[in-house]
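Student: Before I ask anything, here is the structure I am working with.
The values are calculated or read from the model by the stated rules, or taken from the named source; none is laboratory data. Everything numeric here is computed off the predicted structure, so don't read it as measured data. Here the Cβ positions follow ideal geometry from the backbone for every residue, glycine too, while neighbour counts run over all protein chains shown.
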Amino acid sequence: MRCSALSGSIPAGRRAAPRPPLPAAFPGVLAALVLAALWVGAATRPADAGPPAPVAAIPAAAFLDSIGINLHVAQGNDPASYVGPLRYTGIRRARDGAGEIGSLIALHRETGARFVIFADGDLLGMLAAARSLARAGALLALEGPNEPNNFPIEYRGSIGGGPGGRWDAVAALQRDLYAAAKADPALRKYPVFGVSETGAETTNVGLQFLKIPEGAGTIFPTGTVFADFANVHNYVVGNGGRYDDNQAWNAADPTLRGRWDGLFGNHGLTWHRSFRGYGDAELLALPRVTTETGWDSTADPGGEHTQGAILTDTYLAQFKRGWAYTFVYEMMDQEGSTGDQGLYHAGAPKRAAVYLHNLTTLLAGDGPPGGAGTLAYDIPDQPETVHDLLLRKGNGQFALVVWGERRHGADSVAVRLDGPRAEIRVYDITAGTEPVQVLHDADSVPLTLTDHAVIMDISG
């Protein structure tokens, strides 16, 4: 959004779009369970609908594994400066360029983080870097070129992207990256993320598709495979820098034709030249990741609290709406560069880092083997600005995350259970990691929600 070698750009007039099956290489915990559960729970039921129905829980580890951040080690930042922030925030996934691989491996050893690296035109160098990360257990995925409309690439003697340039070289690099990775015994199990900002295509090379279907009318032929996952930079602030109700929820909508740089405008009907891609029904199940989103604590509305609330809402909304990974831009404010989008400023955590620390700390732990189970609950008369996500931690305890997305005012709701629970602890991620309320033998929990998440730990 703000220009740097990693930052995204949101041109005016973006719009959103498909549904091929999830690739076998989908990473993370219990992927099939995750996708099934994402579409099950949280349906609004009227107050007279009878007892709450069971809702399938998702292992908390699956959500925690989806949380990512952009780093700038390849641009010269000291890798040691990221060790403390990665540990404190609980972030397990990071994105960077394909340079300084030794530093990324050292970071992995210190923090356990795994990395997505993106291509810059040097295919052989990219593959070598990925192999090094894979040998160290530090590779998460390979990614195509970063925003070629803003950062043109050179591949095999041709320039791709840039202001008004052709995209043939971009598509050729992405095609060859995918083919080479899948032919490499050391890399074939890792997913390949697509090119970001495919909506900017000036020539209809077909990058709006993961695999070009029959009758697409694209320059590259039917059957060309580019990626396992679509990759967008749907910055939650959106075009115009506004802050509205349901800001994060709407930015994560796969089919929304709104002011966000979303899936439709990059893979449904491209925002620059209106090249057709997937239909709405396909977009809802299209394997997808966000490798950049963010909120500036100075330039965007609301200051540090709003940045923290919006970004934690974004991680939750993206996961609930089917995004495999979400990478916020960025860990640290970049001096003299892209403003104040970082979770940290001058080495100190902002509220965004604190709220994220509280969220990941309260949800820490792997899901139980063999499935995450169900919990019968509902939220009668659930307002459109209230959202929920049922997780289960490694100790077997259910963690029900309920978050509000109101800019002004509050929503008063009650979470209804199918019977009394021995103990329910309620946490507010903006208040710390100690409960703000403890209930015993309760089957209903009243909540007042504004712009951020609360977590209910439910025992017994």
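Student: Evaluate the following for Asp313: is it among the acidic types (Asp, Glu) and closer than 21 Å to Pro145 by Cα? Before the answer, list the steps.
Tutor: Details: among the acidic types (Asp, Glu): yes; closer than 21 Å to Pro145 by Cα: no.
It is false that Asp313 is among the acidic types (Asp, Glu) and closer than 21 Å to Pro145 by Cα.
Student: Sticking with this one: So is Pro145 at pLDDT 95 or above and over 28 Å from Ala317 (Cα atoms) or not? Walk me through it before giving the result.
Tutor: Details: at pLDDT 95 or above: yes; over 28 Å from Ala317 (Cα atoms): no.
No; evaluated as a whole, the condition is false for this residue.
Student: Looking at Gly373, Gly396, Gly404, can you tell me which residue is small (Gly, Ala, Ser) and under 15 Å from Val426 (Cβ atoms)? Walk me through it before giving the result.
Tutor: Details: Gly373 fails: under 15 Å from Val426 (Cβ atoms); Gly396 fails: under 15 Å from Val426 (Cβ atoms).
Only one candidate qualifies: Gly404.
Student: Right, something else. Which ranges mark the strands (runs of 3 or more DSSP E) fully within the stretch 356-453 that have 3 or more residues being of a type in the set (Val, Ile, Thr)? Quick ask: steps written out before the conclusion?
Tutor: Numbers: elements: 374-378, 386-392, 398-404, 411-428, 437-449.
Hits in the stretch 356-453: 411-428, 437-449.
Student: Between a first residue in the stretch 188-204 that is assigned to a loop (DSSP other than H, G, I, E, B) and a second residue that is modelled with pLDDT of 95 or more and among the β-branched types (Val, Ile, Thr), which pairs have beta carbons less than 7 Å apart while being 6 or more apart in sequence or on different chains?
Tutor: Val195/Val170; Ser196/Val232; Ser196/Thr291; Glu201/Thr270; Thr203/Ile219; Asn204/Thr218; Asn204/Ile219
Student: For the stretch 205-250, give me each residue that is at pLDDT below 95 and in a strand (DSSP E or B).
Tutor: none
Student: Residues in the stretch 303-315 that are surrounded by 24 or more Cβ atoms within 10 Å (Cβ to Cβ) and farther than 19 Å from Asn70 by Cβ: how many?
Tutor: Going through the stretch 303-315 one residue at a time, the tally reaches 1.
Student: OK, next. Out of the residues in the stretch 299-337 that are over 10 Å from the mean Cα position of the chain (by Cα), of a type in the set (A, V, I, L, M, F, W, C) and in a helix (DSSP H, G or I), state the one that is farthest from Asn239 (Cα to Cα).
Tutor: In this case the residue turns out to be Ala309.
Student: Do the conditions hold for Asn250, that is, is it at negative phi, polar (S, T, N, Q) and touching a Lys or Arg at 6+ places or on another chain (Cβ under 9 Å)? Steps first, answer last, please.
Tutor: Values: at negative phi: yes; polar (S, T, N, Q): yes; touching a Lys or Arg at 6+ places or on another chain (Cβ under 9 Å): yes.
Yes, satisfied.
Student: Restricting attention to the stretch 283-298, which residues are under 19 Å from the mean Cα position of the chain (by Cα), under 25 Å from Ala74 (Cα atoms) and of a type outside the set (Lys, Arg)?
Tutor: Of the stretch 283-298, the ones under 19 Å from the mean Cα position of the chain (by Cα) are 283-296.
Going one step further and asking which of them are under 25 Å from Ala74 (Cα atoms), we end up with 288-296.
Scanning the stretch 283-298 gives Val289, Thr290, Thr291, Glu292, Thr293, Gly294, Trp295, Asp296.
Student: Restricted to the stretch 232-282, and to residues that are buried (at least 24 other Cβ atoms within 10 Å of the Cβ) and polar (S, T, N, Q), which residue is farthest from the chain's Cα centre (by Cα)?
Tutor: Thr270
Student: May I pose another question? Pairs please, first residue from the stretch 406-431 and among the polar types (S, T, N, Q) and modelled with pLDDT of 95 or more, second anywhere and surrounded by fewer than 17 Cβ atoms within 10 Å (Cβ to Cβ) and part of a strand (DSSP E or B), Cβ atoms under 9 Å, 6+ apart in sequence or on different chains.
Tutor: Close Cβ pairs (under 9 Å, with a partner that is surrounded by fewer than 17 Cβ atoms within 10 Å (Cβ to Cβ) and part of a strand (DSSP E or B)) amount to Ser412/Pro446; Ser412/Thr448.
Student: Tell me yes or no: at least one residue of the stretch 426-436 is among the aliphatic types (A, V, I, L, M) and under 25 Å from the mean Cα position of the chain (by Cα). Explain how you work it out, then say what you get.
Tutor: As a first pass, look at the stretch 426-436 and keep what is among the aliphatic types (A, V, I, L, M): 426, 429, 431, 436.
From what's left, under 25 Å from the mean Cα position of the chain (by Cα): 429, 431.
Yes, because at least one residue in the stretch 426-436 is among the aliphatic types (A, V, I, L, M) and under 25 Å from the mean Cα position of the chain (by Cα).
Student: Residue check, Phe118 against (1) under 30 Å from Gly199 (Cα atoms); (2) among the hydrophobic types (A, V, I, L, M, F, W, C); (3) more than 21 Å from the chain's Cα centre (by Cα), all met but one. Which one?
Tutor: Going through the list (1) under 30 Å from Gly199 (Cα atoms); (2) among the hydrophobic types (A, V, I, L, M, F, W, C); (3) more than 21 Å from the chain's Cα centre (by Cα), Phe118 breaks only (3).
Student: I've got another one for you. Scan the stretch 138-157 and report the pairs whose first residue is on the phi > 0 side of the Ramachandran plot and whose second residue is buried (at least 22 other Cβ atoms within 10 Å of the Cβ) and not hydrophobic (A, V, I, L, M, F, W, C), with Cβ atoms within less than 9 Å and a gap of 6+ or a chain change.
Tutor: Pairs that qualify, where the first residue is on the phi > 0 side of the Ramachandran plot and the partner is buried (at least 22 other Cβ atoms within 10 Å of the Cβ) and not hydrophobic (A, V, I, L, M, F, W, C), are Glu147/Ser7; Glu147/Gly8; Glu147/Gly161; Glu147/Ser196; Glu147/Glu197; Glu147/His233; Glu147/Glu292.
Student: Could you please let me know if Pro185 is assigned to a loop (DSSP other than H, G, I, E, B), more than 25 Å from the chain's Cα centre (by Cα) and modelled with pLDDT under 95?
Tutor: Details: assigned to a loop (DSSP other than H, G, I, E, B): yes; more than 25 Å from the chain's Cα centre (by Cα): yes; modelled with pLDDT under 95: no.
No: the conditions fail for Pro185.
Student: Taking only the stretch 312-359 into account, find how many residues are under 19 Å from Thr290 (Cβ atoms), among the β-branched types (Val, Ile, Thr) and at pLDDT 95 or above.
Tutor: Residues flagged as under 19 Å from Thr290 (Cβ atoms), among the β-branched types (Val, Ile, Thr) and at pLDDT 95 or above within the stretch 312-359 amount to 4.
Student: Identify all residues within the stretch 107-121 that are at pLDDT 95 or above and out of contact with any Pro (no Cβ under 6 Å at 6 or more places or on another chain); write none if there are none.
Tutor: His108, Arg109, Glu110, Thr111, Gly112, Ala113, Arg114, Phe115, Val116, Ile117, Phe118
Student: The conditions are (1) outside any loop (DSSP other than H, G, I, E, B); (2) over 23 Å from Ile67 (Cα atoms); (3) under 22 Å from the mean Cα position of the chain (by Cα), and Ile159 fails exactly one of them. Which is it?
Tutor: Just one mismatch for Ile159, condition (3).
Student: Moving to a separate point now. Going through Ala136, Ala113, Ala141, Ala119 one at a time, which residue ends up being more than 22 Å from Ala61 (Cα to Cα) and of a type in the set (A, V, I, L, M, F, W, C)? Don't jump to the end; show me each part of the working.
Tutor: Numbers: Ala136 fails: more than 22 Å from Ala61 (Cα to Cα); Ala113 fails: more than 22 Å from Ala61 (Cα to Cα); Ala141 fails: more than 22 Å from Ala61 (Cα to Cα).
After applying the criteria, what remains is Ala119.
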